[in-house]
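Right, one structure below, let's go through it.
Please treat every number below as a calculation from the coordinates, not as lab data. Because the structure is a prediction, the values reported are computed rather than measured. Heads up, the Cβs are rebuilt from the backbone with ideal geometry, glycines too, and the neighbour counts pull from every protein chain shown.
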């Protein structure tokens, strides 16, 4: 069966509708517009054949290929939706709430059989963070993190736990893509002076460190992001701290680590100091791009030996997007930057175009690998909402502007790394004093053990004289204490706004002054950008 024609789902104050992709860009007549003004969530299946949405009354599942409504579920408070890889299961999540008498609330994570419409299983899942179970691509395995363990189910039988992975306190995990055998990357945060570590296992061989395919330990990690390549041969780990102990950056500190399923591991040497904004694997699985360093940021493509392949120089950028086929790479500056994009042919490393998508809060490649969608959406920006469809050569093929009295809401796809809500580690709140003392203690330990813990175990790290020179560049500040103070205060306000937006997304009713704070975000981002670009 041929894949369905590309469709764009548009969600906003005027309801939910679909737009046909290139070349027509007309509203789809196959999908009947839902004119409700309370559409909370939308999701396409991986192959684009199914579409689900919650309109504040029901969760509906639409068969795009046959243009018919497949199922309707009575789940009015659903705010998250996701299909399993082969469209057998729909996962829905509603904000968890305890009963009025203080007793435990009802299960809020449901898994629905899309063939029969029946609920396969309900779980209590209190946090929105990592709410959705993870499936292997053939759906032979499904896993979820429960009380610092990873529970595995087989063949969508959720009544029996087939296997468990327990390592001290597993904070996060990621299943590998592709065919069997499935591999699992797990993250265990450090405690009591011990380093954090990421280990790779092959399911179901969880017999301990000896059965691990690879292991990488490191200090300086309050949280991590783990990224498998498409062929499941390697994982990139971005380790982050909330605070830079050197005082050089308000972003905290980030380091980039590489683990191969063959057992090799390394620290990726980034030749410019500063934050790591984004990391992306090429679909060919043998290269990856990192965007890093104080503004103007560097972007570099590395190979599987963690050696630089091509340096794109510096520019106003904080995100990287490979096309579905991997032949084109877009480097972009979104969020607090002005929307500049660089479109590169990465086979010949030639710059194709430099379009500008001002105030964009959303970016996505069309599955054909030729077209790009950018959008400006609420609640991140409440003015100038709309979307554009581009050809990768830089021309705008279609633009839609939302009237001033209306809004278009953020699509429910995964945002660029620099726009994600900050992910916490432990469930327990830690006082600022305790956190400060803990970091002092960790700093002393790290000074002695960092070199040993991070020493490459596999690929050798080659540093050319040019790299060595760049690594000696001192950490940067504005040089003006007053400006540094302003930047710090702005970041505090923006972090508070992100937390309010998370609460709103989880269904909490915000006070009037809290809504007003969120509405000031665009102005704060602009002020921050002006200060930082003055560095």
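For residue 391 and residue 101, a Förster radius of 60 Å and the Cβ-Cβ distance give a FRET efficiency of 0.50, rounded to the nearest 0.05. Of the peptides 124-131, 94-101, the ranking by mean beta-carbon count within 10 Å, highest at the top, reads 124-131, 94-101. With a Förster radius of 45 Å applied to the C-beta separation of residue 305 and residue 503, the computed FRET efficiency comes to 0.55.
Residue exposure proxy: 341, 18, ordered by other Cβ atoms within 10 angstrom of their Cβ from fewest to most, comes out as 18, 341.
Between residue 512 and residue 35, the modelled label-to-label distance comes to 3.1 nm, taking each label 7 Å out from Cα in the direction of the beta carbon.
As a length-normalised measure over Cα pairs under 8 Å and 6 or more apart, the relative contact order of the range 40-165 settles at 14 percent. Size descriptor for the range 40-165, Kirkwood hydrodynamic radius: 15.1 Å (Cα pairs only, one decimal).
Stretched out straight at 0.36 nm per residue, the stretch from residue 169 to residue 354 would grow longer than its current Cα-Cα span by 62.0 nm. Computed packing ranks the peptides 351-361, 319-329, 520-530 as 319-329, 351-361, 520-530, most packed first, by mean other Cβ atoms within 10 Å.
Arranged by the count of other C-beta atoms within 10 angstrom, fewest first, what order do 183, 298, 121 take?
The order, fewest Cβ neighbours first, is 121, 298, 183.
The three principal axes of the C-alpha atoms in the range 208-335 carry coordinate ranges of 43, 39, 23 Å, sorted with the longest axis first. Annotation for residue 180 and residue 483: the two label points, set 7 Å from Cα along the Cα-Cβ direction, are 6.0 nm apart. Normalised by residue number, the volume inside the convex hull of the Cα atoms of the range 32-94 is 72 Å³ per residue.
Most exposed first by the Cβ proxy, i.e. fewest other Cβ within 10 Å, how do 176, 45, 140 rank?
Ordered from fewest to most neighbouring Cβ atoms within 10 Å, 176, 45, 140 come out as 140, 45, 176.
Each residue, residue 233 and residue 140, gets one label point 7 Å from its Cα in the Cβ direction; the gap between the two is 2.1 nm.
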